[in-house]
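The values are calculated or read from the model by the stated rules, or taken from the named source; none is laboratory data. Just so we're clear, the structure is a prediction, and the values are computed from it rather than from any experiment. Here the Cβ positions follow ideal geometry from the backbone for every residue, glycine too, while neighbour counts run over all protein chains shown.
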Amino acid sequence: MTDLATPALPGLEGFARRTRRIGGVETVWYEAGDGPPLVFLHGTGTFTGFEMARAWTGSHRVILPHHPGFGESADDPAAVAIEDYVLHYLAFFDTLELGALALAGFSVGGWMAAEIALRQPARIRALVLAAPGGLAVPGAAPADLSGVGPDEVPGYLAHDPAVALRYFPDGPDPAFGAQLGREMGALGRLLAAAPGGSARLARWRHRLTMPLLLVWGAEDRMIPAAQAPAWAEGLPAAQTLLVPGAGHLVFEERPDTATRVADFLAAG
């Protein structure tokens, strides 16, 4: 099913909205552009939108799926571990008959992208991981927000909290709160299954032999940029783009980062 209705999320104007039942879950994605496929897997909160994707539509068919339990896709009560999302997306790729593709992911979406790529490395032409989760790095643990007040959260998302605040409502917004709570709940179930990170990812990370770009905001307080060397270690095809003056929302805080990703994809 396809429509061109104006989407609620930033950055999707002009993208086609499509739906398909994947593994019994009604899955929503947006796409635009021509060329080889590039799938981008979003982070925990879809509320920041997909402005960065416009930089990629000139050279790629950009595909922006919403994970089960996130955004406009339906819930999947059975999705309780990273493997469930990996299998969902492998089925998604097969359903769309994508063949070889470029794969990018941010935060928890980066974790998903990495786990997909280490299972089917021959299928992934290039891999972009922006502040990915999932890898346990001693001395560089992700932030624990359990004791952080709501007013402090924007400072964990962006080096300049005003950038993050652009995406939050000015006052009470029950619909916004319900959607974000739903997405945080899905993330919570995923993290509960791997509280110390993914042992499988740590063991098999060496299979990420495709061209790989690690993107990190130098001031990331959510998932520290100090994790980047651990991701790149032993991977000769890996490059690291450390973005100064940016926090976790690296694409939103430094929009030119999307152009640098496009340059990496073009070089591959």
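Structure summary
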{"item": "Residues (under 17 Å from His67 (Cβ atoms), over 17 Å from the mean Cα position of the chain (by Cα) and part of a helix (DSSP H, G or I)) located in region 190-200", "result": "Ala192, Ala193"}
{"item": "Complete set of residues in region 68-92 that are touching a Gly at 6+ places or on another chain (Cβ under 8 Å) and assigned to a helix (DSSP H, G or I)", "result": "Ile82, Leu87, His88, Ala91"}
{"item": "Failed item in (1) surrounded by 20 or more Cβ atoms within 10 Å (Cβ to Cβ); (2) over 21 Å from Val250 (Cβ atoms); (3) touching a residue at least 60 places away in the same chain (Cβ under 8 Å), with Tyr89 passing the rest", "result": "(3)"}
{"item": "Candidate set from region 24-51 (those that are touching a Ser or Thr at 6+ places or on another chain (Cβ under 9 Å) and of a type in the set (S, T, N, Q)); member that is farthest from His66 (Cα to Cα)", "result": "Thr44"}
{"item": "Per-region count, region 126-158, residues within 17 Å of the chain's Cα centre (by Cα) and without any contact (Cβ under 8 Å) to a residue 60 or more places away in the chain", "result": "0"}
{"item": "Subset of region 242-259 (residues that are in contact (Cβ under 8 Å) with a residue 40 or more places away in the chain, touching a Gly at 6+ places or on another chain (Cβ under 9 Å) and not in a helix (DSSP H, G or I))", "result": "Gly245, Ala246, Gly247, His248, Leu249"}
{"item": "Verdict on Arg123 being surrounded by fewer than 17 Cβ atoms within 10 Å (Cβ to Cβ), in contact (Cβ under 8 Å) with a residue 24 or more places away in the chain and among the basic types (Lys, Arg)", "result": "yes"}
{"item": "Single residue of Glu83, Glu97, Glu115 found to be in contact with an Asp or Glu (Cβ under 9 Å, 6 or more places away or on another chain), modelled with pLDDT of 95 or more, surrounded by fewer than 17 Cβ atoms within 10 Å (Cβ to Cβ) and under 30 Å from Gly268 (Cα atoms)", "result": "Glu83"}
{"item": "Residue within region 155-170 that is of a type in the set (Asp, Glu) and either modelled with pLDDT of 95 or more or in contact with a Cys (Cβ under 7 Å, 6 or more places away or on another chain) (or both) present", "result": "yes"}
{"item": "Matching residues, region 224-241, being over 21 Å from Asp256 (Cβ atoms) and either touching a residue at least 40 places away in the same chain (Cβ under 8 Å) or crowded, with 22+ Cβ neighbours inside 10 Å (or both)", "result": "Pro224, Ala226, Gln227, Ala230, Trp231"}
{"item": "Residue among Leu145, Leu157, Leu135, Leu127 that alone is under 21 Å from Ala53 (Cβ atoms), among the aliphatic types (A, V, I, L, M) and out of contact with any His (no Cβ under 9 Å at 6 or more places or on another chain)", "result": "Leu127"}
{"item": "Pair list, Cβ under 6 Å, 6 or more apart: region 167-183 residue within 16 Å of Pro68 (Cα to Cα), other residue polar (S, T, N, Q)", "result": "Glu183/Thr44"}
{"item": "Which numbered condition Ala5 fails, given (1) over 14 Å from Ala262 (Cα atoms); (2) at pLDDT 95 or above", "result": "(2)"}
{"item": "Failed item in (1) at pLDDT below 95; (2) surrounded by 14 or more Cβ atoms within 10 Å (Cβ to Cβ), with Glu219 passing the rest", "result": "(1)"}
